[in-house]
Amino acid sequence: MASRYLQINRLRIMRRGHAAYDQNFHPGVNIIRGENGSGKSTISDFIFFVLGGEFDDWKDVASRCDEVQAEIETSKGKLVLKRATSSAQQPVAIFFGGFEDASRSALDRWEVFPLRRSGSRESFSQVMFRTLGIPEAQSDGASNITMHQLLRLCYSDQRTPAMRVFRYESFDTQSIREAVGDLICGISGYELYELGLEIRNKEKAFSKIDAKLSSLLGALKLENALATPASINSKLQELTVEKARLHAEIGDVDRYVDTGEVGDFLTERKTARAQLSKQRDAITAVEGDISEAEFELREIAQFQNFLEEQTVKLAAAQLSFDVVGAIEFSHCPACGKEIVAPDSESQCHVCKEDLDPDIEKARYNQIRLDLEIQSRETNQLLSQKKGSLTEKLSEIRKKRSEHKRDLTQYQVKYSGPNGPREAFLAARTNRIGHIDAEKAYLLSNLQVAEEIEALSAEKASVQKELDIKNARATALRTAAGKRRTVALSSVSRIAAAILRSDLPRQDEFIAAQDVSVNFKNDANSVDGTYNFAESSNVFLKNATIFALFLAAMKDDTFYHPRFLLFDNIEDKGMQEERSHLFQKLIVEYATAFEAPFQIIFTTSMMNPALELQDYVVGPAYTHENRSLDLGIPAADGSS
């Protein structure tokens, strides 16, 4: 299979039908040189844009242009790209052929592709990935991996902080960076990325189902929460059979009731009356218990308040004693006689008994501890009494409900002139009413139970899918980890060699052994160290991006387009001789390969040794001869 590569053959930037820029590029190294502010960065931005970059932060002069065109070449052949510059999401028009053919062809031979997938319409990224021989996204979730994202590891610009590996953008995620890095490193396909998206969606669905299920179960009584649709249907069937039997008995009442039942009727009524009386007595007893418990609670609460007041007063008394001391009387409070001053301040002013401050403190402490113990015991007793009262209140509600039910049944069956026949009919009619109410209640529970059963089945199904997807993701991560280790080890060795070739400006670079790249965190380090002088951060970043390119040149398993665009070689105060060195390293390392590639870089510090037609593109730009010729005087700040 031919090596994948991406190459720009010609770039043309248009303004109102006039070519403001029109230059041919060549395979290999391409150098755009010129003074600062002459428009070199603008050309880089247009290259990024025409290749699918989502960019609209145009500088003043560039914003006056309205279209960018490029003939590109891959192992599959030539294409011409054309894109209006009015917004970052502008679609790309593609002509399948060269520039000259495109200029002579009718508009119907151009096809327009949106940047992102839209329904069944192919996206520009899908076309480019297929042309480059890079696996394309098959799902809508993985369609976030676009040419724009791929170019973020191929375009090193001045806007991005030097410590970042990817080109900076506001809306960025770790998962996308990791997926793009893995793709370039040759971790085939998007299954792991897609699985990650699916797992997150399934976990959200699982949480939603679980929350709804918990809400339904929490609203039910325990016995209802345990009921299944099968058990409820079984109970409904039993009630239906019982109701049919009762209707049959009502229709054949004379067969069931005879004169011998009168005595039984009277006995049953007497028993029922006694039961009602017993229930009333039990209710009265519980009511008495509740009244007594409520009285005890009030008494305990009052005592608790008293203890709290005493604790506060004790603390105030101790504070007063500590601040003011003991009260000194001039005359005896008993007889009124003048009191003789004591021999020592440690004696009582009245009775002349020895006073010990430590004993006074101990006395206060003893009283306080006694109050605290009583308060704790009172709180425990209060909790017990409240619990007991709650139980009694629940008990009386139950007893009153039972008494009301039995009283209603008694009134229906035994009150008035009813005899055995009427009682027989009333009992069955009353039971039928209860059955209807119970069936209505069960039917409402059945609906909830069916929903719970459906949610439980759905929850189990989602959990099973999650288990399968997590297992698959684990296997893919293991395989991806092996490939990632191979790829990044190669990148590390090459990047470390580039750093060791640097001028002695950063001590950590002189003997660099390991350059670690973390796509997920958008960071890299040298032997465990992450931050250096700003110019060294730039050198490290560019060395890392260049090493990724060189590793792909050596290993066809990488899905790198073998295309680089550097616009930051002299960023962050880079010294001229250090810039010259990096330019020289780019040429030396890259031209050692015979496989096709393209590297484009801009510089205002051109290495004189590279001022060759094999490398340079266009003239050396100045403020008088800027990169964009709009046919009008150029404004400052076009680069």
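Quick look at the numbers
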quantity: Ordering of 5-14, 154-163 by packing [mean C-beta count within 10 Å, highest first]; calculated: 5-14, 154-163
quantity: For TYR364, TYR21, order by how many other beta-carbon atoms lie within 10 Å, fewest first; calculated: TYR364, TYR21
quantity: Cα-based reach from LYS399 at 17 Å (exclusive), listing lysines while leaving out same-chain residues under 8 positions away; calculated: LYS278
quantity: Antiparallel content of DSSP bridges confined to the stretch 464-611, in %, to 5; calculated: 55 percent
quantity: Gyration tensor (Cα) of the chain, equivalent ellipsoid semi-axes in angstrom; calculated: 86, 51, 22
quantity: Residue exposure sequence - MET574, MET147 - by fewest surrounding Cβ within 10 Å; calculated: MET574, MET147
quantity: Contact order normalised by residue count of the chain, Cα under 8 Å, 6+ apart, percent; calculated: 28 percent
quantity: The chain: antiparallel DSSP beta bridges as a percent of all, rounded to 5; calculated: 70 percent
quantity: Counting all C-alpha pairs of the stretch 463-611, share separated by more than 22 Å (%); calculated: 45 percent
quantity: Which of HIS18, HIS26 has the fewest Cβ neighbours within 10 Å, and the rest in rising order; calculated: HIS18, HIS26
quantity: Selection from LEU51, SER118, ALA523, by position along the positive dipole direction of the chain (Cβ); calculated: SER118
quantity: Amide H contacts under 5 Å for VAL616, placed H, 5+ residues apart; calculated: ILE31
quantity: Peptides ranked, highest mean first, by Cβ atoms within 10 Å: ranges 600-613, 238-251; calculated: 600-613, 238-251
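FYI, it's all coordinate maths here, none of it is from the lab. In this text, all values refer to a predicted model and were calculated from it rather than measured experimentally. Note: ideal-geometry Cβ built from the backbone for every residue, glycine included; neighbour counts use all protein chains shown.
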